[in-house]
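The values are calculated or read from the model by the stated rules, or taken from the named source; none is laboratory data. Being a predicted model, the structure only gives us computed values, none of them experimental. Heads up, the Cβs are rebuilt from the backbone with ideal geometry, glycines too, and the neighbour counts pull from every protein chain shown. When the accessible area is computed, the model is the full protein with side chains, heavy atoms only, and any ligands, DNA or RNA have been set aside. Shrake-Rupley method; radii C 1.70, N 1.55, O 1.52, S 1.80 Å.
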Amino acid sequence: QVQLVESGGGLVQAGGSLRLSCAASGRTFSTYAMGWFRQAPGKEREFVAVISWSGRTTYYADSVKGRFTISRDNAKNTVYLQMNSLKPEDTAVYYCAVDREKITRWAIEYDYWGQGTQVTVSS
């Protein structure tokens, strides 16, 4: 069992920045791929970014490429999402998730999810 706790969400003006954190329990965190997803009201959950267990491989959704950066600190069992140049359309609940077997952008493949943190970007 892996428990994930996101933090760092909040209200920010368009063009601003936020840094989300996701703290994970468990001794095998460093062997898992970690992903960030988001869900806006009335919309399906969508992929944002994913990072391999080593941190050497990352993938991003086209909508956030060049603005968001995913990273991890395995010593702290934490994955981060640095979000810059935020836009109102980035408003959503952001979730982190664990995939124990592969690096993927498909939500259905993930094994554990956090409770989410709200990000609101005002225009």
**Prompt:** When the dipole is taken about the Cα centre of the chain, and only Lys, Arg (+1) and Asp, Glu (-1) are charged at their Cβ, what size is it in debye, to the nearest 20?
**Reply:** 260
**Request:** For the chain, please report how many Lys pairs fall under 23 Å Cα to Cα, leaving out neighbours fewer than 8 apart on the same chain.
**Result:** 5
**Prompt:** Convex hull over the Cα atoms of the chain, averaged projected area in nm²?
**Reply:** 6.8
**Item:** Where the chain is the region considered: accessible area per residue in Å², 1.4 Å probe
**Value:** 53
**Value of D in µm² per second that Stokes-Einstein yields for segment 4-75, Kirkwood Rh from Cα pairs, at 20 °C (1.002 mPa s)** = 158
**Asked** Which net charge results for the neighbourhood of G9, defined as the other residues with beta-carbon distances under 12 angstrom from its beta-carbon, given Lys and Arg at +1 and Asp and Glu at -1?
**Response** 0
**Rg/Rg_ref, segment 56-114, where Rg_ref = 2.2 N^0.38 Å and atoms are Cα** = 1.19
